[in-house]
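First up is the structure itself, then whatever we jot down about it.
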Ligand code: AMP
């Protein structure tokens, strides 16, 4: 297979002013602007978003910013994987136009007093375990949207609750852009690709495939007609418990748009799991649509 061509003239913008200038020149020339927000340590999940952005847009900005405000105290902000040079190479090979890589000082110049809080949707699932996380995510995305001014921003279904929260923020605040959500990219065994998989040992990586197996069990049960979510969740927990190293944080089935827990499954639901293996926290989800029953 031939290697994709490297883009030699990719720009690296470290300041808000410089990325604005580059985007504004492209917009004036009529380009449709795409933004892929990331925290770097790019992998095939991120690449799928970049490829979609390159397909749909004329000018693509990838932001690489490990956003301190979305980490809860005691989490892995300091040790979060960083691989800037490799990330740049990946972006060049995928014909990205600009990598926006600001410092935390550039993004949060002084004490930050203005926050974006999306209510309700941020309470269940990860919201219950990472207080303040979605406030940090929504705020940094609002800032990135204001800085870059994209026509479309690309997110992954891997972080399903995040995608719903950002979509709602964009709708509620009348932000003039579209949110595209791309499917979750998985390893051969089903494990959702994640920057945090780097923390796992070989055995733990194997163990972690049980998370997707529990979600597949959920899909199977719904497809075979089971509608009581308690029954399905109990069975998913049984599947997860076959791997002793797993510590379950939550197993939930919620309505796909409102994130409200459902008792009787109908319409589009999101089944989501968060679990720890050792000290590594992993999340995954699937959306199942059972139509209008
Ligand atoms: P992160 O760098 O982890 O903040 O992720 C940046 C974006 O990539 C988010 O929109 C994620 O949902 C998305 N992403 C991460 N992992 C995957 C994956 N395995 N498949 C699809 N999208 C992903």
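Throughout, read-outs are computed from the coordinates displayed, never taken from laboratory work. All of these numbers come straight from a predicted model, not from anything done at the bench. As a convention, Cβ positions derive from the backbone with ideal geometry for all residues, glycine included, and neighbour counts pool all protein chains shown.
Counting only the backbone N, which residues of segment 269-289 are under 19 Å from the spot 7 Å out from the Cα of residue 242 toward its beta-carbon? Only 272-277, 284-286 pass the distance filter. Of 142, 153, 25, the residue with the greatest mean-square motion in the GNM of the chain, using alpha carbon springs below 10 Å, is 25. As a proxy for reagent exposure, 98, 118 were ordered by neighbouring Cβ count within 10 angstrom, fewest first; the result is 118, 98.
What the Cβ-Cβ distance of residue 226 and residue 171 gives, at R0 = 35 Å and to the nearest 0.05, is a FRET efficiency of 0.60.
Residues 123, 249 in ascending order of nearby Cβ atoms (within 10 Å, fewest first): 123, 249. Note on segment 1-152: semi-axes of the ellipsoid equivalent to its C-alpha gyration tensor, largest first and rounded to whole Å, are 27, 18, 15. Taking the centroid of alpha carbons for each part, segment 65-125 and segment 218-293 are 28 Å apart. Taking Cα atoms only, the orientation of helix 160-172 departs from the longest principal axis of the chain by about 60 degrees. This ranking places 264, 133, 46 by how few other beta-carbon atoms lie within 10 Å of each, fewest first, which gives 264, 133, 46. Per-residue ellipticity at 222 nm, computed for the chain from helices alone with -39500 (n - 2.57) per DSSP H run of at least four residues, works out to -11500 deg cm²/dmol. You can think of it this way: the chain between residue 250 and residue 287 has 11.7 nm of extra reach, that is 0.36 nm per residue less the Cα-Cα gap. Helix 133-148 and the longest principal axis of the C-alpha atoms of the chain enclose an angle of approximately 30°.
Let me know the shape class of segment 149-293, please: from the alpha-carbon gyration tensor, a ≥ b ≥ c as square roots of the eigenvalues, rounded when a/c is under 1.5, otherwise prolate if a/b is greater than b/c, or oblate.
oblate
With only the Cα atoms considered, segment 42-127 has a convex hull volume of 154 Å³ per residue.
What the Cβ-Cβ distance of residue 112 and residue 82 gives, at R0 = 25 Å and to the nearest 0.05, is a FRET efficiency of 0.65. Length available on full extension from residue 29 to residue 257: 0.36 nm per residue minus the Cα-Cα distance, which gives 78.4 nm.
On C-alpha positions alone, give me the angle between the axis of helix 202-223 and the longest principal axis of the chain, in degrees, nearest 10. Helix 202-223 sits at roughly 70 degrees to that axis. Shape verdict for segment 62-186, please, from the Cα gyration tensor: rounded (a/c under 1.5), prolate (a/b greater than b/c) or oblate. Verdict is rounded for segment 62-186. Just grab the label-to-label distance for residue 178 and residue 104, each label 7 Å out from Cα along the Cβ direction, in nm (one decimal). In this crude label model, residue 178 to residue 104 measures out at 3.6 nm. One equal scatterer on each Cα of the chain, no solvent, Debye formula: the resulting log10 I(q)/I(0) at q = 0.09, 0.11, 0.14 Å⁻¹ is -0.45, -0.68, -1.08.
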